[in-house]
Amino acid sequence: MRQLLSYEERSCSNHDLRTPLTVLKGYDELLQAGEDSQVRSVAVTMGKHIARMERYVDSMSQLQRLEDRQPEYQRISLSELLTQIEENANIICRENDKKICLRNQAVSGHFRLDGMFLSQVCGNLVANAARYADTQVTLILEERDGGLALTVADDGPGFDGKMLREAWNPYVTGEERREEHFGLGLYICRLLSERHGGWLKVENGASGAKVTAFFKNGPLGANGAGKTTLMRLLCALQRPTEGRILLDGKNIEKLGEGYRGLLGYLPQGFGYYPDFRAIDFLRYIAALKGLEGKAGERRAWELLEEVGLSCEARHRIKTFSGGMKQRLGIGQAMLNDPRILILDEPTTGLDPKERVRFRNLISAFSKGRIVILSTHIVSDVEFIAERILVMKSGQIVHCGRPGEIISEIQGQVWECAVPAGHADRYVAELNVSNLRNERDGRTVLRVIAGERPMGNARLVELGGWFFCGRSVQNLKKYRRSIYCHLPK
């Protein structure tokens, strides 16, 4: 069994395997206590396989719990984070009789991260590196692209070609340690990194294997503001508790199938069959949308070309990167040539290069149709959106063109420098939207205030986007009507 089981299949198999494994373990212990030496020898070998299956079931249960979990962002002190990482890495390396070398190249004093996600990834990567290192494991922390990168390298033999290709496969094993599922740790690391808006890269360094996990700094906008709920309401997947949604003056509930035929929808985590090839998946979705035969085939190939996946058309989707999967997702949303394209946080988990590519793709598809895109990452929309809605606690608090929204706080945004050790006090006292740590020991705060907040504050001219938001609750009621007009 090589492909990763679905969530539901894992849930069932984990539950189903525990009882027979316990029974087998009991019988095996009886056999090992017997008088026949040959039977005892076979029983010992059998016991090792049972223990391996128990570890596998535990790992699948852990993976299932991790897939259920969303990141919980907290403001984490870099010094405290370093202490925790160093302590855990030292324990792992001592157990494997290896040295640990820690290099900190990050300058910010604080990050908004999920500490559990980062600790899990760091532990997995250091454990893998310590297992295969000759003498030393190197751990490097650095800031890049608005987040924290964690690199773990070893001085071992490195990855061979097969391991580089199959590193994400949760069932792949190392050549020397076939009893251990080497790839499961990397699969979990990639899952957690992508959930945190980042990525995982596996390669060979100068003297051994090298794995880098990137974690995006906590969101600029607010999670839980009601964006996904609004998307589902617009797609008629949920009914509003109050208010109505009108298209050209007609209630979408009364338009029925006619309205749904106008829609193209890419949800946050769109479903696909991992073993399907890209072209087969689009043919299948085309058939579900009523495009059969040559028409569906032609449209599928056209879209693979447009989203830059024509060369990977016959590759299985499970081999795709996060960005490639999202491009395939927008391709399936465009199969019926929709007049309204709805994309729910489509750039989550993509690296910076893929984010730019995806934004350009969305812009290209916007001609002659309405595109509604939800995000909490401002850079996704500042250049391509004609009109922006800002939501908080299930309500639309701002609506307008980017320049119009910015103008509302023109003359109220200040920058001021304070000693790094006093930054937390100022954050508690003032309306601080952002901060950055300088190498000279100062912290520069961006403060929203009607008048100068302190003596050294200077007024900021807002030529680009500026955003301030705090955590808010999920949308419970949508009180206003939503009006859409199709372009002529």
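The values are calculated or read from the model by the stated rules, or taken from the named source; none is laboratory data. This one's a predicted model, so the numbers in the text were calculated from it and none came from an experiment. Backbone-built Cβ (ideal geometry, glycine too); neighbour counts: all protein chains shown. With ligands, DNA and RNA removed, areas are computed over all heavy atoms of the protein, side chains included. Shrake-Rupley method; radii C 1.70, N 1.55, O 1.52, S 1.80 Å.
Of the candidates 318, 289, the single residue that is more than 24 Å from the chain's Cα centre (by Cα) and open to solvent by 60 Å² or more (accessible area, probe 1.4 Å) is 289.
When segment 239-253 is filtered for residues that are open to solvent by 70 Å² or more (accessible area, probe 1.4 Å) and either assigned to a loop (DSSP other than H, G, I, E, B) or at pLDDT below 85 (or both), the ones remaining, listed by number, are 239, 241, 244, 248.
Could you look through segment 406-433, keep only residues that are open to solvent by 30 Å² or more (accessible area, probe 1.4 Å) and among the acidic types (Asp, Glu), and pick out the one that is nearest to residue 385 (Cα to Cα)? So, considering only residues that are open to solvent by 30 Å² or more (accessible area, probe 1.4 Å) and among the acidic types (Asp, Glu), the one nearest to residue 385 (Cα to Cα) is 408. You will find that of 357, 436, the residue that is open to solvent by 60 Å² or more (accessible area, probe 1.4 Å) and in a strand (DSSP E or B) is 436 and no other. Say whether the condition of being modelled with pLDDT under 85, more than 30 Å from residue 419 (Cα to Cα) and charged (D, E, K, R) is met by at least one residue in segment 69-84. The answer is yes, given that some residue of segment 69-84 is modelled with pLDDT under 85, more than 30 Å from residue 419 (Cα to Cα) and charged (D, E, K, R). Just one of the numbered conditions (1) in contact (Cβ under 8 Å) with a residue 24 or more places away in the chain; (2) under 26 Å from residue 367 (Cβ atoms); (3) open to solvent by 70 Å² or more (accessible area, probe 1.4 Å) is not true of residue 301: (1). Every test in (1) out of contact with any Cys (no Cβ under 8 Å at 6 or more places or on another chain); (2) modelled with pLDDT of 80 or more is passed by residue 387 save one, and that test is (1). The strands (runs of 3 or more DSSP E) located wholly in segment 83-168 that include 1 or more residues which are open to solvent by 20 Å² or more (accessible area, probe 1.4 Å), within 30 Å of residue 320 (Cβ to Cβ) and in contact with a Gly (Cβ under 8 Å, 6 or more places away or on another chain) occupy 110-113, 147-154. Evaluated against (1) modelled with pLDDT under 85; (2) exposed (fewer than 15 other Cβ atoms within 10 Å of the Cβ); (3) closer than 19 Å to residue 185 by Cβ, residue 57 falls short on exactly one condition, (2). Screening segment 313-332 for residues that are at pLDDT 90 or above and not in a helix (DSSP H, G or I) and picking the one that is nearest to residue 286 (Cα to Cα) gives 313. Applying the set (1) surrounded by fewer than 18 Cβ atoms within 10 Å (Cβ to Cβ); (2) in contact with an Asp or Glu (Cβ under 7 Å, 6 or more places away or on another chain); (3) among the small types (Gly, Ala, Ser) to residue 278 leaves exactly one unmet item: (1). On inspection, residue 264 fails the criterion of being touching a residue at least 60 places away in the same chain (Cβ under 8 Å) and surrounded by fewer than 16 Cβ atoms within 10 Å (Cβ to Cβ). Of the residues making up segment 333-360, just one is more than 16 Å from the chain's Cα centre (by Cα), hydrophobic (A, V, I, L, M, F, W, C) and at pLDDT below 85, namely 356.
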